[in-house]
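The values are calculated or read from the model by the stated rules, or taken from the named source; none is laboratory data. Just so it is clear, the model here is predicted, and its values are computed rather than measured. Quick reminder, even Gly has a Cβ in these numbers, built from the backbone with ideal geometry, and neighbours come from all protein chains shown. The accessibility values were calculated without ligands, DNA or RNA, using every heavy atom of the protein model including side chains. Shrake-Rupley method; radii C 1.70, N 1.55, O 1.52, S 1.80 Å.
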Amino acid sequence: MAESNDSIPLDTEKIYMGGKEHHVRTRCGSVSVIVYGDQDKPALITYPDLALNHMSCFQGLFFCPEAASLLLHNFCIYHISPPGHELGAAPICPSASAHCVDDLADQILEVLNFFGLGAVMCMGVTAGAYILTLFAMKYRERVLGLILISPLCRAPSWTEWFYNKVMSNLLYFYGMCGLLKEFLLQRYFSKEVRGNAEVPESDIVQACRRLLDERHGSNVMRFLQAINRRPDLSSGLKRLRCRTLIFVGDNSPFHSEALYMTSKLDRRFSALVEVQACGSMVTEEQPHAMLIPMEYFFMGYGLYRPCQLSDSPRSPLSPSCISPELLSPESMGLKLKPIKTRVSLEV
């Protein structure tokens, strides 16, 4: 466990709109953690996808007023960045030892111990979802529940392994070049928001592109290499007893991975929400689609916030779009039933 003087709190309220950054030293290097909210509340930790941090992976969700109200009302948020992915990160020393996914999962334990946290709620996107799933399998007593967005659980297929090797070579020789950013944006977003010759790319894609410019290629390459060497977690998923809520976009390149993971989880404790016309980062592209499922998910833990959502065109999700199985008190109380809920967008 890190000692209290191992954290270097930075007064960054102007940058993070009320959040405070802590650098927690672990056996595998320093980890940036941005803390939002009342630390007396239950903890929700987040972990982003490759080349992202809390600003580029979760700001769409947390800038959504209804979601911010739901999450900050019930939790203190701890945004954990992969090493070297935080805002303003310097290049990691080339002589530093490479991390494996087990190292990254163990870092999360050290972060929880530093802040004196017990069992926590977890939210991760793709590579981050894999790290949090691995963490939940290694340290079951420290995880209340998992909210996974476009998650991975298998070892890379040959296609993904080769694709990741191409990205790794680009990072090594050219850094965060234009082609590498295009690969990443395809990983994150659907064609609809990426635009084309006739339609300009959306604001969220432009914002993500700018934030990618701030990443150091060598830091991203280290995380990518760890993810590309990840072991298969499939055999242990049935023994995972924390409840799991999975979101995935229909247009995500990891859509089939999310379906596969859902099939391997204990059906008494898991549920799936598929979001139509959306890529991997549901948190950015369709954050409103996460609201109602998350609210009912949290109600199963005794965390209740009266629903103030309307069926306005702002939200692609309304109660009538959700399977009655997900909304039933029985399924959302002690356990979740396995369902596939397809969210329809209103045109």
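Residues in the stretch 124-152 near a label at S263, defined as backbone nitrogen under 16 Å from the 7 Å Cα→Cβ point?
Inside the label zone: 151-152.
Take each of the peptides 94-100, 38-44, average the number of other beta-carbon atoms within 10 Å over its residues, and list them starting from the highest. Working shown, then result.
On the way: 94-100: 11.6, 38-44: 14.6.
Per-residue mean Cβ counts within 10 Å order the peptides as 38-44, 94-100.
Taking amide H positions as placed 1.01 Å from N in the peptide plane, with prolines and chain starts having none, which residues 5 or more places from N53, or on another chain, fall under 5 Å of its amide H?
none
Express the Stokes-Einstein translational diffusion coefficient of the stretch 126-200 in µm² s⁻¹, to the nearest whole number, given a Kirkwood radius over alpha-carbon pairs, 10 °C and a viscosity of 1.306 mPa s.
Details: Rh = 14.8 Å.
Answer, rounded: 107 µm²/s.
Excluding ligands, DNA and RNA, what is the solvent-accessible area per residue of the stretch 24-77 at a probe of 1.4 Å, expressed in Å²? Intermediate results must be reported in sequence, preceding the final value.
Working: 1660 Å² over 54 residues.
With all protein chains present, the stretch 24-77 gives 31 Å² per residue.
By average Cβ neighbour count within 10 Å, what is the ranking of 156-167, 111-122 from highest down?
Working: 156-167: 13.9, 111-122: 18.7.
Per-residue mean Cβ counts within 10 Å order the peptides as 111-122, 156-167.
What percentages, rounded to whole numbers, describe P(r) for the stretch 228-303 computed over all alpha carbon pairs with 5 Å bin width beginning at zero?
Using 5 Å bins, I get a P(r) of 3, 14, 22, 21, 21, 14, 4, 0 for the stretch 228-303.
Per residue, how much accessible area does the stretch 186-294 have with a 1.4 Å probe, in Å²?
On the way: 4090 Å² over 109 residues.
Accessible area per residue: 38 Å².
Give the carbon-plus-sulfur fraction of the accessible surface of the stretch 61-160 in %, rounded to a whole number; probe 1.4 Å, heavy atoms of protein chains only.
Values: 1840 of 3060 Å².
Taking all protein chains in place, the stretch 61-160 shows 60 percent carbon and sulfur surface.
Ranked from highest to lowest mean number of other Cβ atoms within 10 Å per residue, what is the order of the peptides 146-155, 291-300, 255-264? Walk me through the intermediate numbers first.
On the way: 146-155: 24.6, 291-300: 21.3, 255-264: 18.5.
Most protected by this proxy first, the peptides run 146-155, 291-300, 255-264.
Taking only the alpha-carbon atoms of the stretch 166-215, what semi-axes of the equivalent ellipsoid follow from 5 times the gyration tensor eigenvalues under a square root, in whole Å, largest first?
21, 11, 8
For q values of 0.17, 0.26, 0.29 Å⁻¹, compute log₁₀ I(q)/I(0) with the Debye formula on a Cα-only model of the stretch 72-123, without solvent.
-0.68, -1.20, -1.29
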